[in-house]
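Notes for the one structure printed next.
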Amino acid sequence: MPDASSPSQTDMRRRILDAAALLLAENGYKATTLRNVAEAAGLKAGSIYYHFPSKDHITVEVLNEGVQQVSKAVLDAVSAAEGESGKAVLRAVLEAHLKALAEHSSYTRASIRCFSMVPEEIRRQTVNVRRAFDTQWLSILQKIQTSGDIHKDVNLKDLHLIILGTLNWTLEWQGAGEEERLQLADTLAQLIMS
């Protein structure tokens with residue numbers, strides 16, 4: 001019978017992923033080692049192999065989770081704003097995206113920072129999650145444009161890049177809080193809406 005005071009396997013995996021996300025966000029892919037991850041998670045280096053076969057497997061999970069956390073927040077915002085105006089939907093998804101970036105900053109920063117640094121095999125294992133998120137955002141913008149709240153001549157792919165670049169950049173803000181994020185969402189929504 002397992003000791004009730006010992007962490008579950010799920011808890012141990014989460015500790016490893018949390019430690020890896022923080023190290024990847026701060027140091028990048030190459031400078032993050034399994035030894036560093038184990039130390040940050042409070043484990044012996046060899047213990048990681050019980051949960052993950054390699055640093056690359058951990059990195060794939062961290063990068064995918066960083067995108068999935070934001071994606072879920074954006075989808076929840078769309079559902080909550082159903083029936084609202086295009087402007088209200090856009091404002092809700094901008095806020096949700098920004099809030100998720102901040103709440104899950106180790107994962108989101110690691111995902112944004114490390115994607116271009118990782119080996120090709122890791123990119124192949126994470127690109128579908130990113131594409132699905134891009135498709136999700138483009139679908140939202142298409143619906144808003146169809147409703148007439150974004151000018152019909154605006155190129156949505158370009159707009160999508162502008163929005164994600166602006167929102168994701170906020171992870172580098174030093175000392176910015178919720179008020180600054182909400183102000184950015186307001187400003188961005190005003191610039192986008194026709």
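Worth pointing out:
- In segment 144-175, the qualifying residues are those that are surrounded by 15 or more Cβ atoms within 10 Å (Cβ to Cβ) and over 12 Å from ILE192 (Cα atoms), and the one that is farthest from the chain's Cα centre (by Cα) is THR166.
- Filtering GLU120, GLU103 for residues that are of a type outside the set (A, V, I, L, M) and either modelled with pLDDT of 95 or more or crowded, with 16+ Cβ neighbours inside 10 Å (or both) leaves a single hit, GLU120.
- Residue within segment 45-59 that is over 20 Å from the mean Cα position of the chain (by Cα), among the aromatic types (Phe, Trp, Tyr) and open to solvent by less than 70 Å² (accessible area, probe 1.4 Å) present: yes
- Some residue of segment 2-12 being modelled with pLDDT of 95 or more and open to solvent by 50 Å² or more (accessible area, probe 1.4 Å): no
- The residues in segment 119-174 that are in a loop (DSSP other than H, G, I, E, B) and not small (Gly, Ala, Ser) can be counted, and the count is 10.
- Taking every residue in segment 71-96 that is surrounded by fewer than 21 Cβ atoms within 10 Å (Cβ to Cβ) and pairing it with any residue that is among the acidic types (Asp, Glu) and not in a helix (DSSP H, G or I), at least 6 positions away or on another chain, the pairs with Cβ-Cβ distances below 7 Å are SER85/ASP149; LYS87/ASP149.
- Taken over segment 21-62, residues that are in a loop (DSSP other than H, G, I, E, B), over 19 Å from GLU120 (Cα atoms) and small (Gly, Ala, Ser) amount to 1.
- The set of residues in segment 140-170 being under 16 Å from SER105 (Cα atoms) and touching a Ser or Thr at 6+ places or on another chain (Cβ under 6 Å) is empty.
- In summary, ALA19 fulfils each of the numbered conditions (1) open to solvent by less than 20 Å² (accessible area, probe 1.4 Å); (2) closer than 24 Å to GLN183 by Cβ; (3) free of Cβ contacts under 8 Å to residues at least 40 places away in the same chain; (4) under 18 Å from the mean Cα position of the chain (by Cα) with the single exception of condition (2).
- Candidates ALA38, ALA77, ALA21 - the one that is of a type in the set (Gly, Ala, Ser) and more than 20 Å from VAL129 (Cβ to Cβ): ALA38
- Boolean, ALA40 is open to solvent by less than 70 Å² (accessible area, probe 1.4 Å), in contact (Cβ under 8 Å) with a residue 40 or more places away in the chain and either among the aliphatic types (A, V, I, L, M) or touching a Leu at 6+ places or on another chain (Cβ under 7 Å) (or both): no
- For segment 176-194, taking the residues that are open to solvent by less than 80 Å² (accessible area, probe 1.4 Å) and at pLDDT below 85, the one that is farthest from LEU101 (Cα to Cα) is identified as MET193.
The values are calculated or read from the model by the stated rules, or taken from the named source; none is laboratory data. If you're wondering where the values come from, they're calculated on a predicted model, not measured in any experiment. All Cβ positions, glycine included, derive from the backbone under ideal geometry; neighbour counts span all protein chains shown. For the accessible areas, the whole protein counts, side chains as well, though only heavy atoms, and no ligand, DNA or RNA atoms are used. Shrake-Rupley method; radii C 1.70, N 1.55, O 1.52, S 1.80 Å.
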